[in-house]
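Peer 1: Just dropping this structure here.
The values are calculated or read from the model by the stated rules, or taken from the named source; none is laboratory data. None of these values were measured; they are calculated from a predicted model. Ideal geometry is used to build each Cβ from the backbone, glycine not excepted, and the neighbour counts take in all protein chains shown. The protein model used for the area step is the full one, side chains on, heavy atoms only, and it has no ligands, DNA or RNA in it. Shrake-Rupley method; radii C 1.70, N 1.55, O 1.52, S 1.80 Å.
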Amino acid sequence: MEPKTLFDKIWDAHVVKQVKDGPDVLYIDRHFIHEVTSPVAFLGLKNRGMKVFRPQNTIATPDHNVPTLQQHLPIKEELSRVQVEALKQNCAANNIQMYGLDHKYHGIVHIIGPELGVTQPGMTIVCGDSHTSTHGAFGSIAFGIGTSEVEMVFASQCILQPKPKKMRISVDGVLGKDVTAKDIALYVIAQISASGGTGYFVEFAGSAIRSLSMEGRMTLCNMSIECGARGGMIAPDETTFAYVKGREFAPKGEEWDQKLVLWKLLKSDDDAAFDAEFHFDAANIEPMITYGTNPGMGIGVSGSIPTGKDLTGSDLITFKKSLEYMGLNPGDKIKGKKVDYVFIGSCTNGRIEDFRLFAEFVKGKQKAESVTAWIVPGSKLVEQQIREEGIVEILEAAGFALRQPGCSACLAMNEDKIPEGKYAVSTSNRNFEGRQGPGARTMLASPLMVAAAAVTGVVSDPRDF
Amino acid sequence: MSIEKFQKLVSTVVPLPIENVDTDQIIPARFLKAVERKGFGDNLFRDWRYKKDGTPNPDFVLNNPRFSGQILVGGKNFGSGSSREHAAWAIYDAGFRVVVSSFFADIFKSNVLNCGLLPVQVSDEFLTGIFETVEADPSAQFEVDLTSQTITNIKAGASVKFDINSYKKECLLNGYDDIDFLISLNEEIVAFEKA
């Protein structure tokens, strides 16, 4: 039998039909939806006189538009409120389970899927959100889709999809002090560029990847879209199984035993061929931060902003435009740059481990007076755990306040927007112009880098403390 | 619901020679709040197109009377970032029918095809040629022919082929919609679920 990659094994097992000279008809095991990319798809379905084909495989939560304070009150902004209300009505009309603001399982769609055990190895998972790649951490094929494709899944539980090429990114060795999964992600993207993975589905491998917790693996797979890849995945192992076991919707008893046998087969064959391969040494990665307006514009915290002297033509125009937007000078050291806002949260770094790291760093220190800090758990369950572990007390003693779950300052769709011209060190995933608010200047980094900036008011190296 | 048929188009182009134009630039998240698909064209490139006070930014190409047409030409890695199909809708609603670049982000490419816009991927060299031609003469005409899969820079006398999978080509030529196709597979899908 021809050796296969992990990706091939899962993909091939989900092909309902191959269209001649065209895409595959791919069966989807789990469909996550939120309020922004679903309403037009629901409307299209309604116009066809149809209902959702497999509502039991569809899970909904409002996350992009929701405020992160006083969630018990009606949403102030009318358009946001209407969108959240539309999700509620559409789910009710189609018999879809929705975890609304008042539900104990509410949270960001890519946080709640895994923590409820809905996300499992070997599945195909889609959502009208590019960061669906997060779920690949469990050894599933998970990727973001557009609204037309959301409607396809509503109507048929399938989508038409050409099979992407396969890339393997291996990171071997031991990670240095204060180097996290987020730093691996920003390092890899800086190495292969924000479009280096376009056309590919990535499998992350190597000893440094295996050493990551599930939270770390989710952060890494979440960011795989930022190198242009359709998604990222990691072969499931004991770390994965231990995380899934016992969760609300995870298989139980005999079913668990049966699934486990199958899940253990989910790995790339030794001699499986990839269309592209990259190898990186974990020892070369230091805490990372971005200085520009795409996630590939990242450097180690001890480094300097590139001079751009080797660039020409449109590359040079793009580089200059980016630094001008950021108000940063070519060749300057990044350390010591002023920071106005810090944000920890989002589907990238809104999990319990992220808050533990942050709290451990700020414990016994004080938030810099000049800094505004938004500390936003990814879900109600994360919030609950933060409280149970005594993290809230540590945060409060250091001058920080915990907000309520939602996408928050990641994308400026709700009330949490970074003001024009202000610098934010953020654990989110995109530093595009205006991403965190019109004119906002985003520097992407890990929870530890955010913590260090929060207590000093400038870009700082957590290893110096 | 079907998509608009696309066979052939002859038009001037609107040049946007910037790389890594992400979907947050094409349409910022704060304009994604509609529950119907209408009105997105007004917010296409919102933060580049309008000044802070809401008046048009005269420096931006869409506000420059020298340039018009149904073909939008962007720098490489066009459409990166968010999966929002609203980005494709905004381009379509603003009157474009073709988007040209030397490199498209994956999700964006599927989204434009699904809403009846044709993505045309050309070499860096051909792209540079388009920018040079239109900079010298904004009235220069370009032809995009889906049947022969060619784009022609008429003035420069240069023509190249572009790729599109034959399924999607049929859909666009005939105005077919993926959803109708998938619904027609109902029996096969149910059989797959039972297997």
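Peer 1: Of A:122, A:136, which residue is assigned to a helix (DSSP H, G or I) and either more than 14 Å from chain B (Cβ to nearest Cβ) or open to solvent by 10 Å² or more (accessible area, probe 1.4 Å) (or both)? Don't jump to the end; show me each part of the working.
Peer 2: Working: A:122 fails: assigned to a helix (DSSP H, G or I).
On inspection, the qualifying residue turns out to be A:136.
Peer 1: Scan region A:340-377 for residues that are open to solvent by 40 Å² or more (accessible area, probe 1.4 Å), under 22 Å from residue A:436 (Cβ atoms) and either small (Gly, Ala, Ser) or modelled with pLDDT under 95 (or both) and report the count. Spell out the reasoning first.
Peer 2: Narrowing region A:340-377 to residues open to solvent by 40 Å² or more (accessible area, probe 1.4 Å): A:353, A:356-357, A:360, A:363-367, A:369-370, A:372.
Filter once more, so that each one left must be under 22 Å from residue A:436 (Cβ atoms): A:357, A:367, A:369-370, A:372.
Going one step further and asking which of them are either small (Gly, Ala, Ser) or modelled with pLDDT under 95 (or both), we end up with A:370.
Residues meeting the conditions: 1.
Peer 1: Of all residues in region A:272-287 being part of a strand (DSSP E or B) and buried (at least 16 other Cβ atoms within 10 Å of the Cβ), which is nearest to the other protein chains (Cβ to nearest Cβ)? It would help to see each step written out before you state the result.
Peer 2: If we filter region A:272-287 for residues that are part of a strand (DSSP E or B), which is where we start, we get A:276-281.
Subsequent filtering for residues that are buried (at least 16 other Cβ atoms within 10 Å of the Cβ) retains A:278, A:280.
Values: A:278: 18, A:280: 22 Å.
Out of the qualifying residues, it is A:278.
Peer 1: Which residues, taken from region B:1-19, are modelled with pLDDT of 95 or more and within 14 Å of chain A (Cβ to nearest Cβ)?
Peer 2: B:15, B:16
Peer 1: How many residues does region A:18-74 hold that are at pLDDT 95 or above and either at positive phi or of a type in the set (Ser, Thr, Tyr) (or both)?
Peer 2: Adding up the residues that qualify gives 8.
Peer 1: Given the residues A:128, A:117, A:136, which is the only one that is small (Gly, Ala, Ser) and closer than 21 Å to residue A:380 by Cβ? Show your work before the answer.
Peer 2: Numbers: A:128 fails: closer than 21 Å to residue A:380 by Cβ; A:136 fails: closer than 21 Å to residue A:380 by Cβ.
Answer to the selection: A:117.
Peer 1: Let me ask you something else. When only residues in region A:21-38 that are at the interface with another protein chain (Cβ under 8 Å from one of its Cβ atoms) and either open to solvent by less than 10 Å² (accessible area, probe 1.4 Å) or assigned to a loop (DSSP other than H, G, I, E, B) (or both) count, which is nearest to residue A:152 (Cα to Cα)? If you could, list the steps in order and put the result at the bottom.
Peer 2: Step one: list which residues in region A:21-38 are at the interface with another protein chain (Cβ under 8 Å from one of its Cβ atoms), which gives A:21-23, A:25, A:27, A:36-37.
If we keep only those that are either open to solvent by less than 10 Å² (accessible area, probe 1.4 Å) or assigned to a loop (DSSP other than H, G, I, E, B) (or both) as well, we get A:21-23, A:25, A:36-37.
Values: A:21: 20, A:22: 16, A:23: 14, A:25: 11, A:36: 17, A:37: 13 Å.
Among those that are at the interface with another protein chain (Cβ under 8 Å from one of its Cβ atoms) and either open to solvent by less than 10 Å² (accessible area, probe 1.4 Å) or assigned to a loop (DSSP other than H, G, I, E, B) (or both), it is A:25.
Peer 1: If you don't mind, there's one more thing I want to ask. So, in region B:102-159, exactly how many residues are aliphatic (A, V, I, L, M) and within 30 Å of residue B:180 (Cβ to Cβ)?
Peer 2: The first filter runs over region B:102-159 and keeps only residues aliphatic (A, V, I, L, M), leaving B:105, B:107, B:112-113, B:117-118, B:120, B:122, B:127, B:130, B:134, B:136, B:140, B:144, B:146, B:151, B:154, B:156, B:158.
Still in the running and within 30 Å of residue B:180 (Cβ to Cβ): B:105, B:107, B:112-113, B:117-118, B:120, B:144, B:146, B:151.
Going through region B:102-159 one residue at a time, the tally reaches 10.
Peer 1: When the residues of region A:307-326 are filtered to those that are under 27 Å from the mean Cα position of the chain (by Cα) and open to solvent by 30 Å² or more (accessible area, probe 1.4 Å), which remaining residue is nearest to residue A:178 (Cα to Cα)?
Peer 2: Step one: filter region A:307-326 for residues under 27 Å from the mean Cα position of the chain (by Cα), giving A:318-319, A:321-323, A:325-326.
Of the ones still in play, those that are also open to solvent by 30 Å² or more (accessible area, probe 1.4 Å) are A:321, A:325.
Working: A:321: 32, A:325: 29 Å.
Step by step, filter region A:307-326, then rank; the result is A:325.
Peer 1: On the given criteria, is residue A:329 open to solvent by less than 10 Å² (accessible area, probe 1.4 Å) and polar (S, T, N, Q)?
Peer 2: So residue A:329 fails the test.
Peer 1: Please count how many residues of region A:227-258 are open to solvent by 20 Å² or more (accessible area, probe 1.4 Å) and either outside any loop (DSSP other than H, G, I, E, B) or farther than 22 Å from residue A:202 by Cβ (or both).
Peer 2: Residues in region A:227-258 being open to solvent by 20 Å² or more (accessible area, probe 1.4 Å) and either outside any loop (DSSP other than H, G, I, E, B) or farther than 22 Å from residue A:202 by Cβ (or both): 15 in total.
Peer 1: Wholly within region B:40-122, which helices (runs of 4 or more DSSP H) include no fewer than the required count, namely at least 2 residues that are at the interface with chain A (Cβ under 10 Å from one of its Cβ atoms) and either without any contact (Cβ under 8 Å) to a residue 12 or more places away in the chain or buried (at least 22 other Cβ atoms within 10 Å of the Cβ) (or both)?
Peer 2: Numbers: elements: B:46-49, B:86-93, B:106-114.
Passing ranges, in order: B:86-93, B:106-114.
Peer 1: Got at least one residue in region A:60-72 being open to solvent by 20 Å² or more (accessible area, probe 1.4 Å), away from chain B (no Cβ under 11 Å) and within 20 Å of the chain's Cα centre (by Cα)?
Peer 2: no
Peer 1: Being open to solvent by 20 Å² or more (accessible area, probe 1.4 Å), of a type in the set (D, E, K, R), touching a residue at least 60 places away in the same chain (Cβ under 8 Å) and not in a helix (DSSP H, G or I) narrows it down to one of A:51, A:76, so name that one.
Peer 2: Working: A:51 fails: touching a residue at least 60 places away in the same chain (Cβ under 8 Å).
Result of the check over A:51, A:76: A:76.
Peer 1: I've got another one for you. Can you pull out the residues in region B:123-172 that are in a strand (DSSP E or B) and either acidic (Asp, Glu) or more than 15 Å from residue B:71 (Cα to Cα) (or both)? Steps first, answer last, please.
Peer 2: Within region B:123-172, the first condition is being in a strand (DSSP E or B), and the residues that meet it are B:142-145, B:150-153, B:158-161.
B:143, B:145, B:158, B:159, B:160, B:161 - these are the residues of region B:123-172 that are in a strand (DSSP E or B) and either acidic (Asp, Glu) or more than 15 Å from residue B:71 (Cα to Cα) (or both).
Peer 1: For region A:386-404, what are the residues that are touching a helix residue (DSSP H, G or I) at 6+ places or on another chain (Cβ under 6 Å) and part of a loop (DSSP other than H, G, I, E, B)?
Peer 2: A:398
Peer 1: On to the next question. I want to confirm something. Restricting to region A:405-422 and keeping residues that are among the hydrophobic types (A, V, I, L, M, F, W, C) and in a loop (DSSP other than H, G, I, E, B), which single residue is farthest from the other protein chains (Cβ to nearest Cβ)?
Peer 2: Restricting attention to region A:405-422, the residues satisfying the condition of being among the hydrophobic types (A, V, I, L, M, F, W, C) are A:407, A:409-413, A:418.
Those left that are additionally in a loop (DSSP other than H, G, I, E, B): A:407, A:411-413, A:418.
Values: A:407: 9, A:411: 5, A:412: 6, A:413: 4, A:418: 13 Å.
Among them, the one singled out is A:418.
Peer 1: Identify the single condition in (1) touching a residue at least 60 places away in the same chain (Cβ under 8 Å); (2) surrounded by 15 or more Cβ atoms within 10 Å (Cβ to Cβ); (3) more than 14 Å from chain A (Cβ to nearest Cβ) that residue B:139 does not satisfy, given that it satisfies every other one.
Peer 2: Here residue B:139 meets the rest and fails (2).
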